[in-house]
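Shown next, in C-alpha cells, is the structure this report addresses.
The values are calculated or read from the model by the stated rules, or taken from the named source; none is laboratory data. Please read these numbers as outputs of a predicted model, since none were measured by experiment. FYI the Cβ positions are ideal-geometry reconstructions off the backbone, even for glycines, and counts take in every protein chain you see.
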Amino acid sequence: MITGAIAVMTSGGDSPGMNAAARAVVRTAISEGVRVFGIYNGYKGMLADEIVELNSRSVSDLIQRGGTFLGTARCKEFKTEEGRRKGLDNLQKHGIEGLVIIGGDGSLTGGSLLSKEGGIPIVGLPGTIDNDVWGTDYTIGCDTAANTAVDAINKLRDTASAHRRIMIVEVMGHTSGWLAMTSGIASGAEYIIVPEVKYNIDEICEDIVDSYSKGRRYTIIVVAEGACSGVGLKNVVQDKTKIDTRVSILGHIQRGGSPTLEDRIKASMLGERAALGLISGVSDVIYGFDEGKIVTINLFDSVNNTKPLDPELVRLASVLV
Ligand code: ADP
C-alpha cells in the first residue's frame with residue numbers, strides 16, 4: 001500500500017493517448033490522497049532528475065492532444081545497472097514509492113529491471129502505435145495510428161486511380177504487422193504484406209498485370225516496415241509489372257494527431273487502473289485489454305514473450321483482400 005507518492009513517465013516512441021493515460025494516473029492518485037510526480041523525458045529525465053510534482057491542473061487541456069506532455073526519449077545509460085541505480089536514487093530522493101511507466105516493449109523491459117534490482121513497485125501501461133505488447137490485444141495509440149493510415153491510404157487510392165498506378169504504402173509497426181494488417185483490411189487494399197505471413201512477389205505481380213489487362217485502374221499494396229522496405233518493393237514491382245509504380249512512406253505522421261475516442265477512453269481506463277493498482281500494493285504487472293475488458297498481465301511474462309499477429313486478422317485478410 002502506498003500512502004506517500006508515486007510517479008508517472010512516458011518512454012520510447014510516443015503514441016496518441018499517452019497524455020490521456022498520464023492525466024488519468026495523476027488525477028486518480030490525487031483523488032486517493034497520494035502525491036504524484038511526473039518524470040520528464042523518459043529514463044533520460046529520470047537519470048537527470050527531471051522530476052516534478054504535478055497537480056490536477058498540470059494535466060488540464062491534455063486529453064485531446066497527441067504526443068506526450070511529459071516528453072519521451074531513448075536512453076542508452078539506462079541499459080546499464082549503474083545507470084538504473086542513478087535513476088533509483090533520484091526516485092528515492094523525491095520519496096517516490098512506486099512508478100507507472102507508459103511505453104513500448106523496451107520501456108517495459110527497462111521497468112522490469114528497475115523492479116528486479118531496486119525493489120520499487122512498477123506498473124506498466126502499453127503505449128505504442130505498433131500494438132505489439134504481449135498479453136494485451138490493445139496498446140495506447142494503436143487505434144489513432146491505424147485510423148491515420150486508413151485516411152492516408154484512401155487519399156492515395158484517389159491519385160493512384162487517376163493515373164492507373166500501383167501505389168505501395170509503407171506503414172510503421174516495427175517488427176509487427178498489426179498496423180499494416182488492420183489499416184490494409186480497413187482501406188480495402190489489394191495486397192497486404194506483413195512480416196508474419198509469407199508472400200510471393202512473382203505471384204502478386206502476375207496477378208496485378210492480369211487485373212490491369214482486365215481494366216483495373218489502381219492497386220494498393222500496404223507493406224509493413226518490418227516486412228520489407230517500400231522503396232525496395234517499388235523497384236521490384238515496377239520492374240516485374242512494367243506498370244507505373246509509386247511509393248509513399250507514411251512514417252511519423254502515424255504517431256501524431258489527436259487521439260481517437262477509443263484511445264482516449266481506453267487510455268483513461270488504463271491510467272485509472274494503474275494508479276489504483278499501484279497505490280493498493282500491486283507491482284510487476286501491465287494492465288491491458290482483452291476482448292474489451294481490462295486484464296492484468298505479469299510484467300516479466302509480457303517482456304519475455306513476443307506477441308503474435310492475431311490469426312483472425314490473417315484469416316480475414318485471406319478471404320477479403
Ligand atoms: P519502446 O519502449 O517504444 O519499445 P525503446 O525500445 O527505444 O522504445 O525503449 C525505450 C528506452 O527503454 C530505451 O532508450 C532504454 O532506455 C530503455 N530500454 C529498452 N530496452 C531496455 C533493456 N533491455 N534494458 C534496459 N532498458 C531498456
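A few notes on this one:
- Strands (runs of 3 or more DSSP E) wholly inside segment 1-114 that include at least 2 residues being touching a Leu at 6+ places or on another chain (Cβ under 7 Å) and over 24 Å from S302 (Cα atoms): 35-39
- Condition met for R246 (touching a Lys or Arg at 6+ places or on another chain (Cβ under 7 Å), charged (D, E, K, R) and modelled with pLDDT under 95): no
- Condition check for L70: under 18 Å from L270 (Cβ atoms) and in contact (Cβ under 8 Å) with a residue 60 or more places away in the chain: yes
- Matching residues, segment 79-115, being of a type outside the set (S, T, Y), more than 30 Å from S258 (Cα to Cα) and within 11 Å of the ligand (Cβ to nearest atom): K79, E81, G83, R84, G87, L113, L114
- Matching residues in segment 59-78 - criterion: being closer than 19 Å to G98 by Cβ and away from the ligand (no atom under 16 Å from the Cβ): V59
- Flag if G118 is surrounded by 19 or more Cβ atoms within 10 Å (Cβ to Cβ), within 24 Å of N305 (Cβ to Cβ) and within 14 Å of the ligand (Cβ to nearest atom): no
- Count - residues of segment 299-321 that are within 14 Å of T109 (Cβ to Cβ) and surrounded by fewer than 15 Cβ atoms within 10 Å (Cβ to Cβ): 4
- Here G271 does not fit the description of being within 15 Å of the chain's Cα centre (by Cα) and at negative phi.
- Identity of the residue in segment 122-163, over 23 Å from the mean Cα position of the chain (by Cα) and touching a residue at least 60 places away in the same chain (Cβ under 8 Å), that ends up surrounded by the fewest Cβ atoms within 10 Å (Cβ to Cβ): H163
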